[in-house]
Amino acid sequence: MSEYLLELNDIEAGYGRAALVLRGLTVKVPAGSVVCLVGPNGAGKSTVLKVASGLLTPRSGSIVVDGVDVTGQGPQAMLASGLAHVLQGHSVFREMTVEENVMLGAFTVRDKAKVAERVAFVQSLFPIVGERWKQLAGLLSGGQQKQVEFARSLMVSPKVVLLDEPSMGLDPKTTATVFDQVVRMRDAGIAVLLVEQNARRALETADVGCVLDLGRVHISGPAPELLADPQLGALYLGGRPSEPASTKNR
Ligand SMILES: Nc1ncnc2c1ncn2[C@@H]1O[C@H](COP(=O)(O)OP(=O)(O)OP(=O)(O)O)[C@@H](O)[C@H]1O
């Protein structure tokens with residue numbers, strides 16, 4: 001296994017003819033870790049995940065998964081290489097059972113024994129998924145539905161899970177539970193690249209933090225150090241890290 005399960009190197013990416021969103025972005029996800037991307041609205045956090053999962057092809061730069069260069073491959077190939085993307089918002093099918101929702105994630109897995117093994121794994125990692133297995137997913141709470149989405153993403157045995165704003169729309173207590181599940185995934189050996197608006201909570205969970213600004217990583221380091229950084233505190237207040245605190249909110 002490589003030191004980094006995912007490397008995004010010097011990525012430039014954007015949408016159509018519009019200006020670049022990512023301008024030389026480098027992010028590395030070590031094995032056994034949660035890396036979180038924080039930054040202002042529109043900084044390009046979700047775009048990083050779209051590039052990593054093959055939904056958006058970078059204009060330049062490279063994507064390396066566990067030592068293998070996968071730059072330019074589409075979503076299906078990225079999934080096969082070990083990257084699973086849990087999109088922003090709610091993607092559970094409410095009229096289907098929890099089982100049916102989770103099994104959608106096993107669509108590409110042909111080996112029945114492997115599928116059974118993964119079912120046992122996700123049910124042990126997320127007990128509520130096992131307890132509500134035969135029930136309609138729409139009957140579950142928002143936080144429980146998020147665990148169904150996590151379970152679905154793990155059916156392909158990913159090396160890295162890309163999580164886009166898992167706390168969106170959830171109350172603080174449920175958010176805390178969801179972040180606990182993120183830690184459980186990491187402790188089960190799955191690296192996580194996490195994008196969050198809830199920067200402080202995400203940094204409290206993550207091992208490594210990266211602050212995005214103007215399309216590249218502005219500050220990165222161990223998450224506890226970033227939490228203690230006064231510049232990052234200024235960013236929470238809505239200003240840019242390079243501005244003195246006194247100019248904020250003018
Ligand atoms: N499908 C798209 N087509 C065109 N432009 C897009 C598309 N998706 C995002 N953008 C633009 O790319 C930029 C970065 O968006 P992105 O969603 O990556 O930011 P973000 O940091 O995740 O923001 P937020 O915190 O608000 O979710 C924004 O200017 C946005 O308008």
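Okay, here's what the table says:
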quantity: Electrostatic dipole magnitude of region 1-136 [Cβ: Lys, Arg +1; Asp, Glu -1; Cα centre; debye, to 20]; calculated: 320 debye
quantity: Percent accessible area from carbon and sulfur atoms, the chain, protein chains only, probe 1.4 Å; calculated: 53 percent
quantity: In range of the label at Glu100: residues from region 126-162 whose backbone nitrogen is under 17 Å from the point 7 Å along Cα→Cβ; calculated: 132-140, 145, 148-149, 152
quantity: Sequence-separation-based contact order of region 89-157, relative, with Cα cut under 8 Å and 6+ spacing, percent; calculated: 54 percent
quantity: Tensor-based shape of region 121-206 (alpha-carbon gyration tensor, a/c under 1.5 rounded, otherwise prolate or oblate); calculated: oblate
quantity: Most mobile of Glu100, Glu117, Glu165 in a GNM of the chain (Cα contacts under 10 Å); calculated: Glu117
quantity: Cα shape, region 7-48, gyration tensor, a/c 1.5 rule; calculated: oblate
quantity: Sparsely packed trypsin sites (Lys or Arg not before Pro) within region 68-121, loop by DSSP, other Cβ within 10 Å at most 14; calculated: Arg94, Arg110
quantity: GNM flexibility winner over the chain from Ala43, Ala137, Ala228 (Cα, springs under 10 Å); calculated: Ala228
quantity: Nearest-10 value in Å² for the accessible area of His218, using the 1.4 Å probe; calculated: 90 Å²
quantity: Dipole magnitude of the chain about its Cα centre (Cβ charges: Lys, Arg +1; Asp, Glu -1), debye to nearest 20; calculated: 460 debye
quantity: Shape of region 45-177, Cα gyration tensor, a/c cut at 1.5; calculated: oblate
quantity: Too-long pairs where the Cα-Cα distance tops 22 Å, listed order kept, from Lys114/Lys159; Lys114/Lys134; Lys45/Lys173; Lys112/Lys159; Lys28/Lys50; Lys112/Lys134; calculated: Lys45/Lys173
quantity: Check: region 89-157 dipole with +1 on Lys, Arg Cβ and -1 on Asp, Glu Cβ, in debye; calculated: 80 debye
quantity: GNM top mover of Ser60, Ser33, Ser81 - the chain, alpha-carbon springs below 10 Å; calculated: Ser60
quantity: Accessible area in square angstrom per residue, region 89-246, 1.4 angstrom probe; calculated: 46 Å²
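The values are calculated or read from the model by the stated rules, or taken from the named source; none is laboratory data. Quick caveat: nothing in here was measured; it's all calculated off a predicted structure. Virtual Cβ from ideal backbone geometry, glycine too; neighbours counted across all protein chains shown. Keep in mind that these areas ignore ligands, DNA and RNA; they rest on the heavy atoms of the full protein, side chains included. Shrake-Rupley method; radii C 1.70, N 1.55, O 1.52, S 1.80 Å.
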